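Just so it is clear, none of the values below were taken in a lab; they were calculated from the coordinates. Note that this is a predicted model, so its numbers are computed, not measured. Positions of Cβ are backbone-derived with ideal geometry, glycine not excepted, and every protein chain shown enters the neighbour counts.
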Amino acid sequence: MKAIPYQYIIVEKEENIAIITMNRPEKLNALNLELQEEMKHALDTLYMDDEVKVIILTGAGRAFSAGGDIGTMKEAHQLDPLLLRQALYQSTSEVTNRIWNYEKPIIAAVNGVAAGGACNWALACDFVIASENARFGEVFIHVGLVPDGGGSWLLPRLVGLQRAKEIIMMGKMVPAEEAERIGMVNKVVPEKDLMSTAKEYARILASLPPRTLGAAKRTINKAMTTSLGEAMDYEMTMQAICFQTDAHRERVKAFLEKKK
């Protein structure tokens, strides 16, 4: 296992799987500006690393992340609203953008609470594995704020409009089993099995053609904002590209040879 040094996150590589661990356990991995900057740098670095096929995102200690660091929010009260808007976008939202748009599969392994912007980072991931003690919350309303990091866009698409309004507007915490039932989570497992399950998903994904996986992720995500006709048109574009890849041709050849 190879570690890459950061202050507020830990990045480790196990063969072709990278694990990013938010590492402020004494603060329940609350998102200060420095952690978010390190997240952006780590995601950029791992995206460009051809050895890395899959990324797992998790938190150290007893939480995934409690969300924004309330202790630092008072500093924002002094900022001009336009500067504050820019600063907010360049932190939480830019991490969400990377998780959503980078073509490598990203798995959230959620232990304990995932709140605020960190909840939305998890929802932006391609797969969410949760421990039995996990809880998800758009808790912004409790500090007089609205969701950031894409929560108002991601959550309704996962659970429907009415449930999303209940979770966001009432600041409701959603336990792991309910989160699985309503579509926020792929799988709930005992806490001791969380990372092994996430790694099992990662190994399966890492065994598949990376360009094809990236094309599939891009095709699905793009379809979220297009009509059926536009989605099918984009599918055919990506399919034509995939037909030209070595991965497709080699797998077709292997399949036909196996049938002989």
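Annotations
- A straight Cα-to-Cα reach below 17 Å connects Lys217 with the aspartates and glutamates Glu103, Asp126, Glu230, Asp233, Glu235, residues fewer than 8 places away in its own chain not being considered.
- Percentage of interatomic Cα-Cα distances in the range 123-218 larger than 19 Å: 49
- As a proxy for reagent exposure, Asp49, Asp69, Asp233 were ordered by neighbouring Cβ count within 10 angstrom, fewest first; the result is Asp233, Asp49, Asp69.
- Restraint check, Lys199/Lys222; Lys172/Lys192; Lys187/Lys253, Cα-Cα greater than 31 Å: Lys187/Lys253
- Cα pair distances in the chain, grouped into 5 Å bins until the bin that holds the longest one, percent each: 1, 6, 12, 17, 18, 17, 12, 8, 5, 2, 1, 0, 0, 0, 0
- Percent of beta bridges antiparallel (DSSP, the chain, rounded to nearest 5): 35
- Highest mean packing first, where packing is the average number of other Cβ atoms within 10 Å per residue, the peptides 205-212, 28-35 line up as 28-35, 205-212.
- Using the Cβ-Cβ distance between Glu235 and Lys40 with R0 set to 30 Å, the FRET efficiency from 1/(1 + (r/R0)^6) comes to roughly 0.45.
- A cut-off under 11 angstrom between Cβ atoms defines the neighbours of Gly183, and their net charge, with Lys, Arg +1 and Asp, Glu -1, is +1.
- Cβ crowding within 10 Å, taken as a proxy for footprinting-reagent exposure, orders Val110, Val188, Val252, Val54 from fewest neighbours to most as Val252, Val188, Val54, Val110.
- Hull shadow area, averaged, the range 210-259 [alpha-carbon convex hull, nm²]: 3.9
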